[in-house]
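The values are calculated or read from the model by the stated rules, or taken from the named source; none is laboratory data. Remember, it's a predicted structure, so these values are computed and weren't measured experimentally. Positions of Cβ are backbone-derived with ideal geometry, glycine not excepted, and every protein chain shown enters the neighbour counts.
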Amino acid sequence: MPPIYFLIKPASGNCNMRCKYCFYHDVAENRAVASYGIMSKQTLEQLVKTAMEQAEGSCGFMFQGGEPTLAGLDFFREAVRLQKEYNKKGLQVFNSIQTNGYCIDREWAQFLAKEKFLVGLSLDGMKEIHDGCRVDAQGKGTFSKVMHAAQLFSAYGVEFNILTVVTAYTARNIGKIYGFFKKNGFVYQQYIPCLDPFGQERGTFDYSLTPERYGDFLIKLFDLWYTDFMRGEYISIRWFDALVHMCKGRAPGSCGMLGVCTPQLVVEADGGVYPCDFYVLDKLRLGTVGVDTPAQWEEKRKTLGFIEQSKKVEPECRACRWAPLCRGGCRRDREQPDGSIGLNYLCPAFQRFFAHAAPRLAEIAKRVP
């Protein structure tokens, strides 16, 4: 096999926060078992052993949730120890973790720095924006906790990105949010459009992101980013970076920008393997770590037709002038309330954005190596 990467949910969907727009809470509610608890040491060892045996060249472990830090720091110490024990082929091993920052203390920061984890820290902007959706189990805002985590990461040299969920609130305030991030030295940013629950008509919640709002957001953010770039101040925004790569004829490096699903491996706390973080559903279970082989997982993926279904493209999408850059977007954004695959809900936003930004994206592509 080529390099292999696992997205792992060591604490299943368990979380110490109650974010109003949490997509994984919705996923868990659509399963017979909402939470699989904390991953056992036996499952962790079998997963690491399988990964190290199957991979060639490199191997990656991406820990997400729920909130993965609920598995405890000792769980991650054991994961790193097992990686070293089973790395018989001299593989490059990459670890990353996506966290809400709530549990981060000095000990966590020291560990993540020492073991070179890349961290994604969820922060939706200033206090009044962040606390509007990202609250704890008592309904209290979590902004101060996240900012404390960011300060610890900076103090101990942890490499981290800021992950921002784009809602109606963040979209309306992106100018202030972008300035706030710059002021705090957050130069690596990712913006993730929020998702409405499965089977719901899109745009019906107070936080919902409509195509019009998202189009306004993208255009405003791009203009700010472009202005900074032209004066020599580079801010890394993952989606814009990927578009520049595509303008240079390179692969985007992001699953949702490829136009088709890729063979991902998502592992729940009980060892269950699934094809995508957005689709950790009973009907799409590929197998179980330690029970089925990776070859059997791939065979089940083919039987389910998961990747084949994502190749369905609407005629108007195929004929669109922006198709080479847009590629239809993520399958989850193309899923209709009845479960069928159709036109991307955010299509009007992308059309407006590319008409506005494409010439300058091409210009930047000529300037960067």
Which one of these is farther than 18 Å from Ala34 by Cβ, in contact with a Leu (Cβ under 9 Å, 6 or more places away or on another chain) and touching a residue at least 40 places away in the same chain (Cβ under 8 Å): Leu243, Leu258? Leu243
Cβ pairs under 7 Å, 6+ apart or interchain, first in segment 152-174 and on the phi < 0 side of the Ramachandran plot and in contact (Cβ under 8 Å) with a residue 40 or more places away in the chain, second polar (S, T, N, Q) and in a helix (DSSP H, G or I), ordered by first then second residue, are Tyr156/Gln110; Thr164/Thr170
Hey, among the residues in segment 203-231 that are in contact with a helix residue (DSSP H, G or I) (Cβ under 9 Å, 6 or more places away or on another chain) and basic (Lys, Arg), which one's nearest to Ala349 (Cα to Cα)? Arg213
Look through Leu218, Leu224 and report the one residue that is over 16 Å from Phe354 (Cβ atoms), assigned to a helix (DSSP H, G or I) and either within 20 Å of the chain's Cα centre (by Cα) or modelled with pLDDT of 95 or more (or both). Leu224
Tell me yes or no: at least one residue of segment 256-263 is of a type in the set (Ser, Thr, Tyr), more than 19 Å from Cys194 (Cα to Cα), in contact with a helix residue (DSSP H, G or I) (Cβ under 6 Å, 6 or more places away or on another chain) and part of a helix (DSSP H, G or I). no
Residue count, segment 20-55, condition touching an Asp or Glu at 6+ places or on another chain (Cβ under 9 Å) and either over 23 Å from Val291 (Cβ atoms) or at pLDDT below 95 (or both), comes to 11
Evaluate segment 330-345: report whether one residue or more is under 15 Å from Phe240 (Cα atoms) and in a helix (DSSP H, G or I). no
Take the residues of segment 290-320 that are outside any helix (DSSP H, G or I) and in contact (Cβ under 8 Å) with a residue 12 or more places away in the chain: which is surrounded by the fewest Cβ atoms within 10 Å (Cβ to Cβ)? Val291
